[in-house]
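The values are calculated or read from the model by the stated rules, or taken from the named source; none is laboratory data. Owing to the predicted nature of the structure, the values given are computational and were not obtained by experimental measurement. Ideal geometry is used to build each Cβ from the backbone, glycine not excepted, and the neighbour counts take in all protein chains shown.
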Amino acid sequence: MSIQFHEKTLALLAEQLAEKAIDSTQLISKIAQFQIAVPSWALGAGGTRFGRFSIGGEPRNLEEKLEDIGLLAKITKRTDAVSLHIPWDIPQDVEAVKQQAVSLGIGFDAMNSNTFQDYGQPLSYKMGSLSSADSATRKQAIEHNLQVIEVGKSLGSKGLTVWLADGSNFPGQVHFRKALQWTTESLKKIYSGMPSNWKLLLEYKPYEPNFYHTVIPDWGTSALICRQLGERAKVLVDLGHHLPNTNIEQIVATLMHQNMLAGFHFNDSKYGDDDLSTGSIKPYQLFLIFCELIGGSADGAQAWDSISWMIDASHNVKDPMEDLIQALEAISQAYAKALLVDRKKLTQCQNDGDVVGAQEVLQAAFLTDVRALVREARIQSGGEAEPLAFYRNEKIREKLIAKRGKNAQASGL
Ligand code: RM4
Ligand code: MN
Ligand code: MN
């Protein structure tokens with residue numbers, strides 16, 4: 001799109017919004033401020049247990065992952081932090097990594113521990129980690145998390161995300177209550193090992209890799225554990241970690257009501273888990289989630305700044321960089337649309353029992369084409385007007401393949 005056409009579209013939209021007494025300048029600056037972290041594992045081609053198809057030029061080490069995120073930050077201006085995963089991203093030279101991050105304008109978001117696979121540690125996690133019936137295995141898993149905190153401290157991170165794969169595959173395999181108890185006790189030790197300005201983000205997931213029971217299957221169990229840890233432990237909502245048709249926006253509202261929402265892992269799904277791009281399947285759901293977030297923070301239920309934002313997707317066939325550009329755009333659009341909701345009118349409709357009116361209010365916002373606002377926010381921040389077109393025109397993937405090879409891939413999903 002030419003810059004003239006962008007300006008025309010923006011002016012028309014600004015005029016439409018002004019009629020509803022909405023100031024588009026303010027909207028643009030809110031959109032520009034909203035930054036979403038990118039996980040280091042999203043930069044390589046994902047895969048399934050049936051196979052992985054390399055796209056070439058994938059980052060081979062931490063430095064190259066940072067390089068890719070730096071480029072995304074530069075062109076989209078929508079991300080300013082990376083979320084690292086240990087042991088996949090152990091920095092060899094902490095000072096050099098920090099310097100590189102500073103020069104790229106990116107910081108370190110929450111650290112991710114990994115006790116869901118074996119990577120040469122003395123005791124296997126096959127039968128569980130923080131919930132294992134074997135106390136030595138639990139101890140090893142706790143120590144791993146404490147080491148992750150140390151790495152994070154050295155880089156300037158402020159949080160630890162724990163996703164626990166522990167569970168069982170057959171009835172009788174695991175004692176439910178004991179597993180929950182051991183998990184809680186293990187997490188207490190991890191929590192007390194965190195600096196006082198850190199938060200613990202506790203993720204949940206109903207199934208996979210375990211297919212009968214998962215120790216932390218849902219937000220309620222996660223919240224129960226967090227309550228026992230302390231106020232800096234909160235629930236992380238990964239959009240892909242729900243059974244089909246779960247009302248995620250309601251979960252978000254409930255958690256905010258209790259000031260217990262740690263943050264998000266954004267992605268989308270048709271059936272399960274998190275392997276599709278954010279906003280590609282259920283953009284209306286994403287919009288409704290943002291409506292709850294904006295409402296909850298406006299009402300003072302939970303402060304906007306206390307919530308962490310991250311993408312967590314691992315896909316099989318797309319160029320990961322292109323996918324991340326699309327995901328960042330989809331999230332910005334959902335946020336922008338939710339900012340347009342006439343909250344006063346919505347409250348009025350709710351109080352009057354005006355069901356039709358309430359739906360009209362939400363749909364009026366959702367159906368507004370906000371792309372000009374998102375584009376303008378990016379231009380004003382110094383990013384590319386059309387990051388995807390830029391990425392393709394500049395032949396960035398081809399350049400990465402020339403530099404890193406056709407079959408490059410670091411460890412990770
Ligand atoms: C899990 C979960 C975690 C992520 C791993 C790689 O399904 O979403 O957040 O660290 O995948
Ligand atoms: Mn996740
Ligand atoms: Mn997941």
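How many residues are away from ligand 1 (no atom under 16 Å from the Cβ) and closer than 21 Å to R378 by Cβ if we restrict to region 294-317?
Adding up the residues that qualify gives 2.
Need a quick list: helices (runs of 4 or more DSSP H) entirely within region 160-267 having at least 1 residues that are under 18 Å from D109 (Cα atoms). Reasoning before the result, please.
Details: elements: 176-192, 219-229, 248-257.
Filter on region 160-267 gives 176-192.
Which of the residues spanning region 118-155 are out of contact with any helix residue (DSSP H, G or I) (no Cβ under 9 Å at 6 or more places or on another chain), hydroxyl-bearing (S, T, Y) and in a helix (DSSP H, G or I)?
T137
Out of region 214-248, which residues are more than 22 Å from G193 (Cα to Cα), surrounded by fewer than 17 Cβ atoms within 10 Å (Cβ to Cβ) and not aliphatic (A, V, I, L, M)?
Scanning region 214-248 gives G220, P244, N245, T246, N247.
Would you confirm whether any residue within region 271-283 is away from ligand 3 (no atom under 13 Å from the Cβ), assigned to a helix (DSSP H, G or I) and more than 20 Å from S306 (Cβ to Cβ)?
The answer is yes; a qualifying residue exists.
Does any residue of region 268-279 turn out to be surrounded by 19 or more Cβ atoms within 10 Å (Cβ to Cβ) and away from ligand 1 (no atom under 16 Å from the Cβ)?
yes
Answer with yes or no whether E95 is free of Cβ contacts under 8 Å to residues at least 24 places away in the same chain, away from ligand 2 (no atom under 16 Å from the Cβ) and closer than 30 Å to A365 by Cα.
On the way: free of Cβ contacts under 8 Å to residues at least 24 places away in the same chain: yes; away from ligand 2 (no atom under 16 Å from the Cβ): yes; closer than 30 Å to A365 by Cα: no.
For E95, the condition - free of Cβ contacts under 8 Å to residues at least 24 places away in the same chain, away from ligand 2 (no atom under 16 Å from the Cβ) and closer than 30 Å to A365 by Cα - is not met.
How about region 302-327: which of its residues are crowded, with 18+ Cβ neighbours inside 10 Å and hydrophobic (A, V, I, L, M, F, W, C)?
Answer for region 302-327, where residues must be crowded, with 18+ Cβ neighbours inside 10 Å and hydrophobic (A, V, I, L, M, F, W, C): I307, W309, M310, I311, A313, M321, L324, I325, A327.
For region 260-278, give me each residue that is more than 16 Å from V38 (Cα to Cα), more than 12 Å from ligand 2 (Cβ to nearest atom), in contact (Cβ under 8 Å) with a residue 24 or more places away in the chain and touching a strand residue (DSSP E or B) at 6+ places or on another chain (Cβ under 8 Å).
Passing the criteria: M260, L261.
Somewhere in region 20-41, is a residue of a type in the set (G, A, S), more than 16 Å from ligand 2 (Cβ to nearest atom) and assigned to a loop (DSSP other than H, G, I, E, B)? Step through it out loud before you land on a result.
Just the residues of region 20-41 that are of a type in the set (G, A, S), to begin with: 21, 24, 29, 32, 37, 40.
Now restrict to residues that are more than 16 Å from ligand 2 (Cβ to nearest atom): 21, 24, 29, 32.
Now restrict to residues that are assigned to a loop (DSSP other than H, G, I, E, B): 21.
Yes, the conditions are met somewhere in region 20-41.
Within region 173-195, identify whether any single residue is over 20 Å from L288 (Cα atoms), within 16 Å of ligand 3 (Cβ to nearest atom) and among the β-branched types (V, I, T), and answer yes or no.
So in region 173-195, the residues over 20 Å from L288 (Cα atoms) come out as 173-195.
Now narrow it down to the ones that are within 16 Å of ligand 3 (Cβ to nearest atom): none.
Checked against the condition, which is being over 20 Å from L288 (Cα atoms), within 16 Å of ligand 3 (Cβ to nearest atom) and among the β-branched types (V, I, T), region 173-195 yields no hits at all.
Count, please, the residues in region 263-296 that happen to be of a type in the set (D, E) and more than 14 Å from the chain's Cα centre (by Cα).
Count: 1.
Looking at region 328-335, is at least one residue of a type in the set (F, W, Y), buried (at least 22 other Cβ atoms within 10 Å of the Cβ), away from ligand 3 (no atom under 16 Å from the Cβ) and in contact (Cβ under 8 Å) with a residue 40 or more places away in the chain?
For region 328-335, residues of a type in the set (F, W, Y), buried (at least 22 other Cβ atoms within 10 Å of the Cβ), away from ligand 3 (no atom under 16 Å from the Cβ) and in contact (Cβ under 8 Å) with a residue 40 or more places away in the chain: present.
Look through I190, I149 and report the one residue that is over 15 Å from W88 (Cα atoms), in contact (Cβ under 8 Å) with a residue 40 or more places away in the chain and in contact with a strand residue (DSSP E or B) (Cβ under 9 Å, 6 or more places away or on another chain). Show your work before the answer.
Numbers: I149 fails: over 15 Å from W88 (Cα atoms).
Criteria check complete, one pass: I190.
Are any residues in region 40-71 modelled with pLDDT under 95 and aliphatic (A, V, I, L, M), and if so, which ones?
Within region 40-71, A42, L43, A45, I55 qualify.
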